[in-house]
Structures are given as C-alpha cells and as structure tokens.
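The values are calculated or read from the model by the stated rules, or taken from the named source; none is laboratory data. Just so you know, these numbers come straight off a predicted model, no measurement behind them. Cβ placement follows ideal geometry from the backbone for every residue including glycine, while neighbour counts extend to all protein chains displayed.
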C-alpha cells in the first residue's frame, strides 16, 4: 500500500469510506517531509495555504504562544488532523497554534479547493469525510471539556489553593 492510503485508513475522516472511495480520496493529497524542529504551520502567516493536514509518520508538536514563550499543548500522532479552521473557510489569522515536526516527519496535505472538487463530483463521499472531521473535532472538544471539569474540580475542592 501507499503511505497516503495507509494513513487515510487510520484517520477518523475515512471511517465511513469504502476502499474505492479511499482510493479516490487518495488522489487529493500530497506528501511533504519535514526535519526535526521545522515549522509546518505558523499563526499569522497570511501565505499559509488552506490545507487540511494529516500526520502520516513521526510526530508534530502543537504549540501556542503565551507570556512565557511557546508551550506545547499537544503532540499529534499518525492519522490525526491539523489546519481544520482554514480548511473549512476560516481566515489564516484564525490559526492559533504552530505546528512543528518532531524528528523526521511526513504530513499529508489537501487544499480546500481540491476538496471542493470532490464535493461537486462525489457529494456523498465528501459528506462522509466532513462527518469524520466533525467527529474528530468533537473528540477534541470532549477531551477539553473533561480537562476543564478536572481543573474546576481541583480548584473548588481545594478552595482555589494549590
């Protein structure tokens, strides 16, 4: 199998796709290689494409800028997504996190214009993919809600003390 097919098979966005649909979907992606520490996406980069990214090999650090510099908030594993906001129509200014390769990394990318072509030519396949993206984002929201609940519980159980 190809790197693209193998990656798509482990991603939530293709859970509902048949093998034939995955093969069609495969043609929309390009593979990019990155070296350790190399940036993939940076907030505020107006030249940043509106791509959907799927990690194929390696790891990617997701970092946000804080008062004390950049902090890693998540490390993407193969099959996980990034760039969702601009991919679904958000402005590059809405990127809130930077993505950096950890070691040798390979990332699949698909411009939103290519996905738009899929919407026109294969609307049911595109619908299944969008449902997969929503499931992925919902998983992130559920995870963050659980973390928020844990933090609230910790703060109020200790009356705000640490």
Residue count for the range 18-43, restricted to those that are surrounded by 16 or more Cβ atoms within 10 Å (Cβ to Cβ), part of a loop (DSSP other than H, G, I, E, B) and over 17 Å from the mean Cα position of the chain (by Cα): 0
Subset of the range 27-50 [farther than 15 Å from residue 64 by Cα and modelled with pLDDT under 90]: 46, 47, 48, 49, 50
Looking only at the range 126-140, and only at residues there that are in contact (Cβ under 8 Å) with a residue 60 or more places away in the chain and within 12 Å of residue 52 (Cβ to Cβ), the one that is surrounded by the most Cβ atoms within 10 Å (Cβ to Cβ): 129
The lone exception for residue 131 - which of (1) within 19 Å of residue 9 (Cα to Cα); (2) in a strand (DSSP E or B); (3) modelled with pLDDT under 95 it fails: (2)
Residue, surrounded by the most Cβ atoms within 10 Å (Cβ to Cβ), within the range 53-84, restricted to residues that are in contact (Cβ under 8 Å) with a residue 24 or more places away in the chain, part of a loop (DSSP other than H, G, I, E, B) and at negative phi: 80
Answer from 113, 126 - the residue that is part of a helix (DSSP H, G or I) and in contact with a helix residue (DSSP H, G or I) (Cβ under 7 Å, 6 or more places away or on another chain): 126
